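Laboratory data are not the source of any read-out in this text; all were calculated from the coordinates shown. All values reported here derive from a predicted model rather than from experimental measurement. Don't worry about glycine lacking a Cβ; one is built from the backbone with ideal geometry, like all the others, and counts go over all protein chains shown.
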Amino acid sequence: MSIDDSDDMRRVRAIDTEITHVWMIRTFLKHADESQDDEDLRDIVRDLYDFILAVGPVDEVNDPAVYLKMAKKKLSKLRKATELYEEIQPEVSGHTNFAMAARSLRTAVDRIHAVFA
């Protein structure tokens, strides 16, 4: 069995799929005018990026076990950032884009968590 066919590599790909959603939410929040005035929102953007950067691009995965270990290590910070965003989102903006970003982020993080369940 090649590395690409391993169960660990399938798990890596599953996480990477969800990271695409986390990336888009991070980008939306980073460029939102509301981020200029809200320190919590800027912290959330940094925490999302920290997770993405820590695991790195899926194309560069040489050892899926190392990727999975790092993702698991950083998952609690990602979950906390998600919880904070869900908490402050109504205060930041009630606009549908912000509400949908919260729902999308929650879905992605739950799916990443499920990889480790």
For a quick check, take a GNM of the chain with Cα springs below 10 Å and name the residue from Val12, Val45, Val66 with the largest mean-square fluctuation. Val66
What relative contact order, as a whole-number percentage, does the chain give when Cα pairs under 8 Å and 6 or more residues apart are counted? 36
Computed about the Cα centre, the charge dipole of the chain from +1 Lys/Arg and -1 Asp/Glu charges at the Cβ has a magnitude in debye, to the nearest 20, of 360
Can you find, among Thr96, Ile44, Val66, the residue farthest towards the positive end of the dipole of the chain? Put +1 on the C-beta of Lys and Arg, -1 on that of Asp and Glu. Val66
Among Leu29, Leu84, Leu53, which one shows the highest mean-square fluctuation when the chain is modelled as a Gaussian network with alpha-carbon springs under 10 Å? Leu53
Taking the inverse of the average 1/r across all pairs of different Cα atoms in segment 1-51, what Kirkwood radius in Å do you get? 12.5
Taking 0.36 nm per residue of sequence separation and subtracting the Cα-Cα distance, how much length would be gained by fully extending the chain between Arg46 and Glu34, in nm to one decimal? 2.8 nm
For the chain, modelled as a Gaussian network with Cα springs under 10 Å, which listed residue fluctuates most, Asp37, Asp16, Asp47? Asp37
Could you name the lysines whose alpha carbon sits less than 24 Å from that of Lys69, not counting residues in the same chain fewer than 8 places away? Lys77, Lys80
Estimated FRET transfer efficiency (Glu91, Asn62; beta-carbon r; R0 41 Å; 0.05): 0.45
